[in-house]
Amino acid sequence: MKLILCSLLFVLATIFAIGAGEDIKVEDGVLVLTTENFKQAVADNEYILVEFYAPWCGHCKALAPEYAKAAQQLAEKESRIKLAKVDATVEGSLAEEYQVRGYPTLKFFRNGIPVEYNGGRQAEDIFAWVNKKTGPPAKDLANVADAKTFLKDNEIALIGFFKQQDSDEAKAFIAAANALDRFAFGITSNDEVIAKHEVKDGSVVLFKPFDEKKTVFDGTFDEENLKKFVQVHSLPLIVEFNHESASKIFGGSIKSHLLFFVSKEAGHIDKHVMPLTDLARKYREDILFVTISSDEEDHARIFEFFGMSKEEVPTVRLIKLEEDMAKYKPESNDLSADVIKDFLQKFMQGMLKQHLLSQELPDDWDKNPVKVLVATIFDTVVYDTKKDVLVEFYAPWCGHCKQLAPIYDQLGEKYKDHDSIVIAKMDATANELEHTKISSFPTIKLYRKGDNKVIDYTLDRTLDDFVKFLESGGDVQSGSDEVTEQAEDVEEKEETEEHKKDEL
């Protein structure tokens, strides 16, 4: 009967999606908005989350079933919150008005005022986020039944047990609840609820369906400590990388990740990773343990990012996200607890040297007008004080790099017999330099003869401008069309960042 009632509510919510908006089409419980009905939909609904999508976007396709599931969950709860979507490739004026720069872009409208959605892309994440935005930071749990329902409705849940809700500790808990939109917080001062959960007054407990099932906060009560506690303990000790966990892994507070490249089918997780559970617990405040299965075709790009082949599994890498994706590789593929422990200790003490990717040097690297560099010979070539060396740092998938290729080849042809000018390029996705970090493609730099000064190329990418730049020794710089240049730079960085997201 309950299931039938919920289904009926969902159907009714679909038919009567908004008060006066009977002309608005609905798909899987999600309002389909256009330029004509958008403003009315936003005006008629106090709370509405809008997804701006593109039909061809892979991320949008992955989000669609989760988005529909969240819409159904909201309908079953008889929520006033609506979910909607806009095809931004058709409704270009709306995309421009709301500054859509990538897909999907989600914006939450509260009384007509938009804010950026920054939650996860699973149904439970969406459900928790919009509910946090429309209610108190922490739900009041007045009795045992309220607490039971709260824990049933939320896979990951925090409850603060405070008899005095105006205490400093309770205020810190509310502040953390207010800051963490994707987590459900509850608060109670009820003696029966406190007794039921066998905790002391002033306790904060995180409830979860894995590992130890619940964790009691034992740190100093302030907002930052509580936030880190939630972000750390809401993830399993050993996290499996997949579409559902990706945003939680990379969006969490722990930016150092120990990545186990394994085959689930071959039993590598049970054999090599699970025995390291105690080690994961020891380092859980600083390093996240993550498994990445080579059995999944979707993970091929991650292997490419680390310059690895699937034949190398089982193996391990460590990545530090806040330092330009700094990567570290152990000296051997021994995954025993003692070896991994020693590797982590050296990392924490700053004793590890970054593992930098480099391709094999082609035999004909210097035979063509445009020289092909790899990391191992980069410094030898570009820091020649007798030559000006112009280097294009490119990515094979970069559209701007492909557009530049014929012009750059012409430039190489022009200077192929020059005594002191060298035109070169390097695939910056397969070759890494400790002294130079590339954040967008193409990036072009001149390594000037004499003083070896490094000068960024900022002119238009035309043959004439390249020639002017080189003949001046890098002294001619861009002073015009600044707006166009900035727009191109933004576009290239967005392309680069989107590709990084695809890889990771």
Assuming residue 125 fulfils every condition listed in (1) modelled with pLDDT under 90; (2) over 20 Å from the mean Cα position of the chain (by Cα) apart from one, which condition is it? (2)
Looking at residue 327, is it of a type outside the set (A, V, I, L, M), open to solvent by less than 50 Å² (accessible area, probe 1.4 Å), closer than 18 Å to residue 436 by Cα and in contact with a Ser or Thr (Cβ under 7 Å, 6 or more places away or on another chain)? no
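Of all residues in segment 398-445, which are assigned to a loop (DSSP other than H, G, I, E, B) and under 20 Å from residue 376 (Cβ atoms)?
Taking segment 398-445 first, the residues assigned to a loop (DSSP other than H, G, I, E, B) are 398, 415-420, 428-442.
428, 429, 430, 431, 432, 433, 434, 435, 436, 437, 438 - these are the residues of segment 398-445 that are assigned to a loop (DSSP other than H, G, I, E, B) and under 20 Å from residue 376 (Cβ atoms).
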Considering residues of segment 179-230 that are open to solvent by 10 Å² or more (accessible area, probe 1.4 Å) and among the hydroxyl-bearing types (Ser, Thr, Tyr) only, the residue nearest to residue 281 (Cα to Cα): 215
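Go through segment 33-73 and give me each residue that's outside any helix (DSSP H, G or I), among the aliphatic types (A, V, I, L, M) and within 27 Å of the chain's Cα centre (by Cα).
48, 49, 50, 54
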Please specify each residue of segment 348-381 satisfying the condition of being open to solvent by less than 40 Å² (accessible area, probe 1.4 Å) and either under 24 Å from residue 305 (Cβ atoms) or touching a Phe, Trp or Tyr at 6+ places or on another chain (Cβ under 7 Å) (or both). 357, 370, 373, 374, 375, 377, 378
Have a look at 235, 258, 318 and point out the one that is assigned to a loop (DSSP other than H, G, I, E, B), crowded, with 19+ Cβ neighbours inside 10 Å and within 19 Å of the chain's Cα centre (by Cα). 235
So which strands (runs of 3 or more DSSP E) stay within segment 150-212 end to end and still have 2 or more residues that are touching a Lys or Arg at 6+ places or on another chain (Cβ under 6 Å)? 203-207
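The values are calculated or read from the model by the stated rules, or taken from the named source; none is laboratory data. Note that the structure is predicted; figures quoted are calculated from it, not measured. Virtual Cβ from ideal backbone geometry, glycine too; neighbours counted across all protein chains shown. Ligands, DNA and RNA are excluded from the accessible area calculation, which covers all protein heavy atoms including side chains. Shrake-Rupley method; radii C 1.70, N 1.55, O 1.52, S 1.80 Å.
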